[in-house]
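Just so you know, all these numbers are worked out from the coordinates, no wet-lab data involved. Just so it is clear, the structure is predicted and the values come from calculations on it, not from any experiment. Counting neighbours? That spans all protein chains shown, and the Cβs are built from the backbone with ideal geometry, glycine included.
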Amino acid sequence: MKDPYQVITFPVATEKAVRLMEAENKLTLMVNRKSTKPEIKDAVEKVFKVKVKKVNTMITPSGKKKAYVLLSEETPARDVATQLGLL
């Protein structure tokens with residue numbers, strides 16, 4: 001298994017990411033291009049100590065991989081963002 005800190009590169013702090021965080025309880029993260037959805041899920045659960053329901057990924061036009069991580073209802077994404085210093 002990969003080190004969680006090699007899977008997650010950095011959090012995204014754009015207007016869209018904040019809107020998703022507040023409206024849909026999703027975190028937006030840039031991740032390692034070779035990481036799989038289960039690896040991303042495990043890394044987020046270990047690093048932020050939250051429960052992940054679903055992971056969606058996309059490759060950006062610049063060639064980087066972005067992950068949209070849906071958190072469970074008992075762990076608000078807003079708390080994780082505050083912990084990271086995004087809000």
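Here is how the numbers come out for the structure above:
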quantity: Top-ranked residue in the range 5-20 [being assigned to a loop (DSSP other than H, G, I, E, B) and among the hydrophobic types (A, V, I, L, M, F, W, C); ranked as surrounded by the most Cβ atoms within 10 Å (Cβ to Cβ)]; calculated: VAL12
quantity: Among residues of the range 21-36, those that are under 11 Å from the mean Cα position of the chain (by Cα) and either assigned to a helix (DSSP H, G or I) or on the phi < 0 side of the Ramachandran plot (or both), counted; calculated: 7
quantity: Output for the range 22-73, where each listed residue is in contact with a helix residue (DSSP H, G or I) (Cβ under 6 Å, 6 or more places away or on another chain), among the hydroxyl-bearing types (Ser, Thr, Tyr) and farther than 22 Å from LEU87 by Cβ; calculated: SER35
quantity: Leading residue by the ranking (surrounded by the most Cβ atoms within 10 Å (Cβ to Cβ)) among those in the range 47-87 that are over 20 Å from ARG33 (Cα atoms) and among the charged types (D, E, K, R); calculated: ARG78
